[in-house]
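Since the structure comes first, as structure tokens, the remarks are kept for the end.
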Amino acid sequence: MEKSLGKLGFFSLAFGMIVGVGWITVLGAWLSSAGPYGTIIAFLLGGLVILPIGICYAEFAGVYPHTGGPIIYVERTFGRFAGFCAGWMLLFTFVITTMFEAISVGWVLSALVPTWRGPELYSLLGTQVHLLDVMAGVAGTLLLGWVNIKGGAASGSFQTVLTILLVVIAFFFIGSGFQYGTTANFAPHFGSISGGSIWFGIGSVFVTTPFFLTGFEAIAQGMEEKSVNVHPRSIAKVVVLAIVCATVFYVAVVLSASMVAPRDELLNADLPAAAAFRIGLQSPLLSDIVLLAGLLGLVSTWNGAVFVSIRVYKALSERGMMPFLLHNKSDDSSNYSALLLIAVFSISATFLGRNALSPIVNSSALSIAVVFVFVSISLIVSRRKFPQLERPFQPIGGLTIPFLAVAGSIGIALYAFYEPFSQSHSVPLEWVVFGIWILLGAFAYLGARAKIYNQQKTGE
């Protein structure tokens, strides 16, 4: 927890975590549901909705520059139980993000190295699970656990290197797409779901944008490790810059990939973002460069998710909200306990196969939207309840931005809850996963309360 994170480190954590591998693994689903124009509209709308929420985070980060972020913001405003609920949803969001990356790494590696996957172990959820895919997920989990146990400085430096490499490579292949592609390949410009309105397709992509634009959360978790040279106002600029740059990146990738190959051929490809350059430009080299960028983005997001998960777990533990695994409040104990939790979930995910990615994204989008609701409402109440608090950064416009954040986050949460049901018309897997996590949270909170009661009773 050394004071080592500067503005570049914070930006790298945020941007590197936002721009992961989803643009490679789910681009086909985006184009199928919404088309290139619809996907772009969805991400522009998502960026506009997320931006006020990020600004709320930036204000709170200046008021409470401590590890835990939303846990502290909500707890100080609404009390212990509300703080736990926000923290539990936050932990779910980023632990499940590590699961997404653990599954995706084998997919990207198998595209880079066609012979990669190894023998098939079994079939699950309609897809085959291969030995080397599982091994890649396990190895990645262990590697990033080792990097993060070294501390924020090691994790931040690792993230900065990954982010710089990603940006350089992305400029190269996106520029190639713009130069050699043609807008004639955009047709059809919009998609639809089951022949419905194009807005249903746009909505299906829009609802996932919280999952793909939430890396700024790493900034809130790293505030306690902020360099003394970084002013809280600079944090607000970093948050806004990271969200804007990530939105532009997603839009550029969709445009570039859609320009270089006909849509029908892209949809039939395994990883459309990379296949576009192989099909349209007859360039296996550019295709591999795209995959390399995706691999860098995957590792940077994975590293950021581990970074956040450790600090969320630590904050919950120090507040007596986690009754299991942790036996004292030392940094090492909470770090190792958090890494054990991450390892269990991430390694388990590698055995689920690629078709588990969509439920993971939808579940995470719902949980982070709930956190956004907590934070934005807390900021409105905090301003009125604690007017004496020093706020190093406060956006202009009074409560306009917080109210926009509340409206946007509630809208995302409601749509994220309903959208999986609208597709299946039965109890979706996302609801089941989310319900199980809430049930585990109830046991965790009650167990923590019982532990505190027993300690008070015995005089410990």
Complete set of residues in segment 263-277 that are more than 13 Å from residue 180 (Cβ to Cβ) and not acidic (Asp, Glu)
263, 266, 267, 268, 269, 271, 272, 273, 274, 275
What residue, among those in segment 283-335 that are modelled with pLDDT of 80 or more and open to solvent by 40 Å² or more (accessible area, probe 1.4 Å), is nearest to residue 140 (Cα to Cα)?
292
Looking at (1) more than 25 Å from residue 30 (Cα to Cα); (2) open to solvent by less than 40 Å² (accessible area, probe 1.4 Å); (3) touching a helix residue (DSSP H, G or I) at 6+ places or on another chain (Cβ under 6 Å), which is the one condition that is false for residue 389?
(2)
All positions within segment 392-406 that are open to solvent by less than 70 Å² (accessible area, probe 1.4 Å), aliphatic (A, V, I, L, M) and part of a helix (DSSP H, G or I):
401, 405, 406
Among 309, 287, 317, which is out of contact with any strand residue (DSSP E or B) (no Cβ under 6 Å at 6 or more places or on another chain), assigned to a helix (DSSP H, G or I), of a type in the set (Gly, Ala, Ser) and under 25 Å from residue 242 (Cβ atoms)?
309
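Return the residues of segment 49-76 that are among the hydrophobic types (A, V, I, L, M, F, W, C) and either without any contact (Cβ under 8 Å) to a residue 60 or more places away in the chain or open to solvent by less than 10 Å² (accessible area, probe 1.4 Å) (or both); say none if nothing qualifies. So that I can check it myself, show each step before the final result.
Step one: of segment 49-76, the residues among the hydrophobic types (A, V, I, L, M, F, W, C) are 49-51, 53, 55-56, 58, 60-61, 63, 71-72, 74.
Residues satisfying the conditions are 50, 53, 56, 58, 60, 61, 71, 72, 74.
Considering only segment 23-115, give the helices (runs of 4 or more DSSP H) lying wholly within it that have at least 2 residues that are modelled with pLDDT under 90. Let's see the steps before the verdict.
Values: elements: 27-63, 70-78, 80-112.
In segment 23-115, 27-63, 80-112 are the helices (runs of 4 or more DSSP H) which contain 2 or more residues that are modelled with pLDDT under 90.
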Selection from segment 414-430 of residues that are at pLDDT 80 or above, open to solvent by less than 100 Å² (accessible area, probe 1.4 Å) and not in a helix (DSSP H, G or I)
428
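Can you tell me which of 260, 240, 230 is of a type in the set (Val, Ile, Thr) and touching a strand residue (DSSP E or B) at 6+ places or on another chain (Cβ under 8 Å)? Steps first, please.
Values: 260 fails: touching a strand residue (DSSP E or B) at 6+ places or on another chain (Cβ under 8 Å); 240 fails: touching a strand residue (DSSP E or B) at 6+ places or on another chain (Cβ under 8 Å).
Every option except 230 fails the conditions.
Residues in segment 78-85: is at least one touching a residue at least 40 places away in the same chain (Cβ under 8 Å), open to solvent by 30 Å² or more (accessible area, probe 1.4 Å), in contact with a helix residue (DSSP H, G or I) (Cβ under 8 Å, 6 or more places away or on another chain) and basic (Lys, Arg)? Please lay out each step first, then the result.
Looking only at segment 78-85, we keep the residues that are touching a residue at least 40 places away in the same chain (Cβ under 8 Å), and these are 78, 80-85.
Filter again for open to solvent by 30 Å² or more (accessible area, probe 1.4 Å), leaving 78, 80-81, 85.
In the following step, the residues that additionally are in contact with a helix residue (DSSP H, G or I) (Cβ under 8 Å, 6 or more places away or on another chain) were identified as 78, 81, 85.
Adding the requirement that they be basic (Lys, Arg) leaves none.
No: zero hits.
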If residue 227 meets every condition in (1) open to solvent by 10 Å² or more (accessible area, probe 1.4 Å); (2) modelled with pLDDT of 80 or more apart from one, which number is that one?
(2)
Residue selected from segment 249-259 under the condition over 17 Å from the mean Cα position of the chain (by Cα) and open to solvent by 10 Å² or more (accessible area, probe 1.4 Å), by the criterion farthest from residue 219 (Cα to Cα)
259
Hey, residue 31 touching a residue at least 24 places away in the same chain (Cβ under 8 Å), of a type outside the set (Val, Ile, Thr) and open to solvent by 10 Å² or more (accessible area, probe 1.4 Å) or not
no
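The values are calculated or read from the model by the stated rules, or taken from the named source; none is laboratory data. What you see is a predicted model, and the numbers here were worked out from it, not measured in a lab. Positions of Cβ are backbone-derived with ideal geometry, glycine not excepted, and every protein chain shown enters the neighbour counts. We work out accessible area using only protein heavy atoms, side chains counted, and drop any ligands, DNA or RNA first. Shrake-Rupley method; radii C 1.70, N 1.55, O 1.52, S 1.80 Å.
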